[in-house]
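Structure, as structure tokens:
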Amino acid sequence: MENIIIIGSGPAAHTAAIYSGRAKLTPLIYEGLLAGGVAAGGQLTITTEVENYPGFPEGIQGPELMDKMRAQSIKCGARIKTITVNKVDLSKRPFIVSAEEERVEAKALIIATGATAKRLYITGEDRLWQKGMSACAVCDGALPLYRNKILIVVGGGDTAAEEASFLTKYASKVIVIHRRNTLRASKVMQDRLFQNKKIEIIWDSVVTEALGDNLLDGVKIKNIKTNQESRIEAGGLFYAIGHIPNTAFLEGQIELDETGYIKTKPGTTKTNIPGVFAAGDVQDKIYRQAITAAGTGCMAALEAEKFLSERH
């Protein structure tokens with residue numbers, strides 16, 4: 001039986017592993033095999049330059065940062081299995097975690113499975129992803145690649161409005177493309193967009209193709225009411241169409257919010273099931289940053305350690 005099983009492979013999972021490993025709890029990590037459609041390491045594996053993670057003044061490649069975290073987890077005593085958890089039983093103790101053919105019992109569980117950014121998979125996206133295309137303006141928008149360029153944001157909710165506003169610090173112009181003729185964003189965020197002279201909104205339209213050889217240099221769009229197609233020159237294309245939390249494998253055994261994120265008690269990583277903790281983007285739809293995920297990973301490990309000590 002395991003003291004702690006950690007499900008996940010991003011900054012939250014590895015920070016939890018580092019802390020619980022140093023506490024001599026010998027955590028077991030199931031990092032998954034292309035879980036959520038991305039490699040072990042989570043969203044940072046599809047991020048190129050990371051300039052906002054403390055301790056790396058020159059920046060660091062996303063995959064390299066995750067390799068370092070993984071190595072540190074192992075050094076601190078974690079064991080890692082590269083298979084995907086497909087089922088858990090939280091109805092009794094010890095908890096049962098099923099991954100492929102394995103069934104393992106655990107006294108405590110840390111869920112750090114993240115959330116996957118929605119993508120459009122338009123023509124050219126496979127070639128130009130992270131070469132002018134991104135699903136996180138806050139993560140990537142400040143990179144030199146996007147400076148003083150026309151940047152496009154796809155979406156119409158609060159995230160799209162926030163990311164468009166953020167990008168105006170670096171872009172020559174920001175174009176928001178939305179498939180409807182009204183935004184879903186809150187009134188405050190809409191006002192912020194409408195009042196910003198660097199932001200233009202194109203209504204009733206969808207992006208159909210990403211253009212460029214080695215770097216994005218434009219997009220094709222289509223007006224869904226008139227079917228008229230046009231080309232826009234741009235140096236960046238950012239999706240802001242939401243995220244899907246990776247919680248399907250929980251099969252309704254834990255309390256989720258209306259969009260599928262795990263609900264945690266305010267100021268903690270505790271779920272509604274004692275001994276089960278949630279860290280990182282699987283419970284955070286506001287910040288979604290590597291550093292905040294790592295912080296909650298630390299919290300989860302400390303809370304799990306306390307939980308285990310109180311039961312002995």
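Given the structure, is Tyr30 in contact with a Lys or Arg (Cβ under 7 Å, 6 or more places away or on another chain) and among the hydroxyl-bearing types (Ser, Thr, Tyr)?
yes
What are the pairs, 6+ residues apart or on separate chains, where a residue within the range 118-138 that is within 24 Å of Lys285 (Cα to Cα) has its Cβ under 8 Å from a residue that is among the β-branched types (Val, Ile, Thr) and not in a loop (DSSP other than H, G, I, E, B)?
Lys118/Ile244; Leu120/Val154; Leu120/Val207; Trp129/Ile46; Gln130/Ile46; Ala137/Val153
Out of Glu125, Glu105, Glu200, Glu163, I need the residue that is over 17 Å from Tyr239 (Cβ atoms), assigned by TED's automatic domain parsing to the domain that holds Asn214 and touching a strand residue (DSSP E or B) at 6+ places or on another chain (Cβ under 7 Å). Which one?
Glu200
Filter the range 76-95 for residues that are touching a strand residue (DSSP E or B) at 6+ places or on another chain (Cβ under 7 Å) and part of a loop (DSSP other than H, G, I, E, B); which is surrounded by the most Cβ atoms within 10 Å (Cβ to Cβ)?
Ala78
With the structure loaded, tell me whether Val219 is closer than 30 Å to Lys173 by Cα and β-branched (Val, Ile, Thr) or whether it fails that test.
yes
If only one of Gly295, Gly280, Gly267, Gly252 is at pLDDT below 95, among the small types (Gly, Ala, Ser), over 22 Å from Trp129 (Cα atoms) and assigned by TED's automatic domain parsing to the domain that holds Ile7, which one is it?
Exactly one residue qualifies, and that residue is Gly252.
Looking at Ser165, Ser172 in this structure, which one is surrounded by fewer than 18 Cβ atoms within 10 Å (Cβ to Cβ) and touching a residue at least 12 places away in the same chain (Cβ under 8 Å)?
Checking each option against the conditions leaves just Ser172.
Select from the range 281-300 the residues that are of a type in the set (Gly, Ala, Ser), over 13 Å from Thr113 (Cβ atoms) and more than 9 Å from the chain's Cα centre (by Cα) and list them in ascending order.
Listed by number, the residues that qualify are Ala294, Gly295.
Taking strands (runs of 3 or more DSSP E) that do not extend beyond the range 177-230, which have at least 1 residues that are in contact with an Asp or Glu (Cβ under 6 Å, 6 or more places away or on another chain)?
205-211, 218-223
Surrounded by 22 or more Cβ atoms within 10 Å (Cβ to Cβ), of a type outside the set (Phe, Trp, Tyr), in contact with an Asp or Glu (Cβ under 7 Å, 6 or more places away or on another chain) and under 18 Å from Thr296 (Cα atoms): which single residue out of Ser20, Ser73 fits that description?
Ser20
The values are calculated or read from the model by the stated rules, or taken from the named source; none is laboratory data. These numbers come from a predicted model, not from an experiment. Positions of Cβ are generated from backbone atoms using ideal geometry, with glycine treated the same way; all protein chains shown enter the neighbour counts.
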